[in-house]
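Novice: Following this message is one structure expressed as C-alpha cells.
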Amino acid sequence: MTREQFIAEISILQEPLRRFLLGMCHGDVFTADDIAQETLLKAYLHYGTFQGRSSFSTWLFRIGYNCFCNHIGKKILDTESITEKENLIPSENEYDKDCSALYAAIDGLPASEKATVLLFYMEDYSTKEISEILGMPSVTVRSHLHRARRHLKKILEQYDER
Amino acid sequence: MMKDKDIKQFFLQHKPEVKNKGPFLKEVVRQINDLPVPSAMNPDRQKEDCIRLVIEVSRRDLRAVRLVVGVLVIVVILSALTVSLLPADFIPTGFFQFK
C-alpha cells in the first residue's frame, strides 16, 4: 500500500472510526477526534506491522481502541464505567440531541461492553472481528453482548414507555 | 418485549453524526505529509525488498545445487574406483611373480 492508497482508505474509514470513538467518549467530540487523529497517525507510522491477517479496518479499529484505552487508563476501564469519571462527562452543549438517547442507553456499561455493543450494533462487525479488535476471545465477546443486551433491553423498554 | 432487531434499529436511528469530515481528513493528511514515509509504504523500498528476496532465494538454490553436485561427484569417483579395483581381485595371485 502506498501513501496515497493509505489516505484513500482512511478517508473512507474515518467516519466509522470517529463515530465509534465518539460513542466510547460519550459524545465528547474533541477527545474522540484527538484519539482518532492519534489512531490514524499511529496506523500510518506502524503500517509495516500490518500483516494482512485481518482486514485493514479491523486493524485500524484495534489501534483506535488501544489508543482510547491508553487515553482513559485501562485499569480504570476494567473496573468501573466511564461515566464514573467526572472529567469524562461532557458539558450539555457537547451532546448531540439525537444521540443523547443512545449515550444514555450505553451509559452504565463498562468500556469493553460498550465497545462490543457499538461495534456490533452500530458498525455491523461480526463477533469474530470484534474479538480481533478488542483482543479478547469470541466467547468473551458473546458474553459481553449477552450482558449488554439485557441492560439495553431494560433501558430501551423504559425509553419506549416514555 | 424488546428484540435484538429493535436494539439494532435503535442504534441505527440514534447513531451520532460525524461532522467536519473534510477538515478532519485535511488535517490528518497535512500531518501525514510532515512525517517520513514508512519503509513499508515506500515503493522503491518494496522493489529493493523484492530484489533482495529473489537474490537470497537464488543463492540458497545455488548452494543446494552445489551440494548435490558435490555429493554426485564423490559418488561417481567412489563407484569408478570400486569398479576399477574389482577386476584386480580376480587376477591370479601368481600373475605378478616373474621369478
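The values are calculated or read from the model by the stated rules, or taken from the named source; none is laboratory data. As the structure is a prediction and not an experimental result, all values here were calculated from the model. FYI the Cβ positions are ideal-geometry reconstructions off the backbone, even for glycines, and counts take in every protein chain you see.
Novice: Pick from A:GLY64, A:GLY52, A:GLY23: which is part of a helix (DSSP H, G or I) and more than 10 Å from chain B (Cβ to nearest Cβ)?
Specialist: Checking each option against the conditions leaves just A:GLY64.
Novice: Next up: In this structure, does A:ILE12 turn out to be over 14 Å from the mean Cα position of the chain (by Cα) and either facing chain B (nearest Cβ under 7 Å) or hydroxyl-bearing (Ser, Thr, Tyr) (or both)?
Specialist: No.
Novice: Let me ask something else. I'd like to verify a number: residues in region A:26-49 that are under 24 Å from A:ALA111 (Cα atoms) and assigned to a helix (DSSP H, G or I), how many?
Specialist: The number of residues fulfilling the criteria is 15.
Novice: Within region B:13-25, which residues are more than 7 Å from chain A (Cβ to nearest Cβ) and within 15 Å of A:TYR103 (Cβ to Cβ)?
Specialist: B:GLN13 - this is the single residue of region B:13-25 that is more than 7 Å from chain A (Cβ to nearest Cβ) and within 15 Å of A:TYR103 (Cβ to Cβ).
Novice: Sticking with this one: With respect to the numbered conditions (1) modelled with pLDDT under 90; (2) within 29 Å of A:PRO110 (Cβ to Cβ); (3) touching an Asp or Glu at 6+ places or on another chain (Cβ under 9 Å), which one is the sole condition not fulfilled by A:MET1?
Specialist: Looking at each condition in turn, A:MET1 falls short on (2).
Novice: Among (1) surrounded by fewer than 21 Cβ atoms within 10 Å (Cβ to Cβ); (2) at pLDDT below 90; (3) not hydroxyl-bearing (Ser, Thr, Tyr), where does A:GLU123 come up short?
Specialist: Only one criterion is unmet by A:GLU123, namely (2).
Novice: If you don't mind, there's one more thing I want to ask. Given the criterion part of a helix (DSSP H, G or I) and facing chain A (nearest Cβ under 8 Å), identify the matching residue among B:GLN31, B:GLN46, B:GLN9.
Specialist: Details: B:GLN46 fails: facing chain A (nearest Cβ under 8 Å); B:GLN9 fails: facing chain A (nearest Cβ under 8 Å).
Selected residue: B:GLN31, the only one of B:GLN31, B:GLN46, B:GLN9 that is part of a helix (DSSP H, G or I) and facing chain A (nearest Cβ under 8 Å).
Novice: What are the residues in region A:133-150 that are over 13 Å from A:ALA111 (Cα atoms), of a type in the set (A, V, I, L, M, F, W, C) and under 14 Å from the mean Cα position of the chain (by Cα), if any?
Specialist: A:ILE133
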